1. Counting other beta carbons within 10 Å of each residue's own, what order do 122, 140, 23 fall into, fewest first?
2. Calculate, axis by axis, the spread of Cα positions in the chain along the three principal axes, and write the results as whole Å, longest axis first.
3. Taking only Cα atoms of region 85-142, what ratio of Rg to Rh do you get with Rh as the Kirkwood inverse-distance radius?
4. Tell me the Kirkwood hydrodynamic radius of region 56-108 in angstroms, computed as one over the mean inverse distance between distinct C-alpha pairs.
5. Given Cβ point charges of +1 (Lys, Arg) and -1 (Asp, Glu) and nothing else, what value in debye, to the nearest 20, does the dipole of the chain about its Cα centre take?
6. What does the charge add up to near residue 141, with Lys and Arg as +1, Asp and Glu as -1, over the other residues with Cβ less than 13 Å from its Cβ?
7. To the nearest Å, what is the center-to-center distance of region 5-40 and region 86-109, using C-alpha atoms only?
8. Measure nothing but the geometry: give the 0 to 90° angle between the long axis through the Cα atoms of 39-52 and the longest principal axis through the Cα atoms of the chain, rounded to 10°.
Amino acid sequence: MEYAFWDSSALVPLCVEQQSTPIVRALSAKYKMMVWWTAPVELRSAFARLMRMGLMTPRGSVEAQVSLERLRSGWREVAPHPVLREQAEWLVDRFPLKAADALHLAAALAWRFGRPQGRAFISGDTQLLDAARELGFQAIQA
């Protein structure tokens, strides 16, 4: 099984039942997970937001956090580095990306040593997928 880069938006449905959960479950059977260092924080933020919105129960939050820890034990993370930050700065100038999305994409580029051709990038964010595709990743909608 080969690695793919997983954006946080593709990881949340593996922890919380959502419309895209069947799709990302199938993808998780096909691809191992490479993620950006901040992914756990972003997932916990998503869980907290769902709780505040009344879309998740306290029990559901605990279950999501257990799922996150299970995922976390099997994924690999791209660590922060000044060069990665510079790459993210360049990406926000080139593409209509939010800061966190640019950092995810920069991490994916660092993982591939700047050569993304044909490697999978999985996300639920259309703009991020468009940028990943333009850089040479195989963009997969979660």
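What follows draws every value from the coordinates through simple rules; no lab data is involved. Quick caveat: nothing in here was measured; it's all calculated off a predicted structure. Cβ coordinates were reconstructed from backbone atoms using ideal geometry, including for glycine residues, and neighbour counts include every protein chain displayed.
1. Going from sparsest to densest Cβ surroundings: 23, 140, 122.
2. The Cα atoms of the chain stretch 41, 31, 25 Å along their principal axes.
3. 0.91
4. Values: mean 1/r = 0.0767 Å⁻¹.
With all distinct Cα pairs of region 56-108 included, I get 13.0 Å.
5. 320
6. On the way: positive: 133; negative: 7, 125, 130.
Computed value for this residue: -2.
7. 20
8. 40
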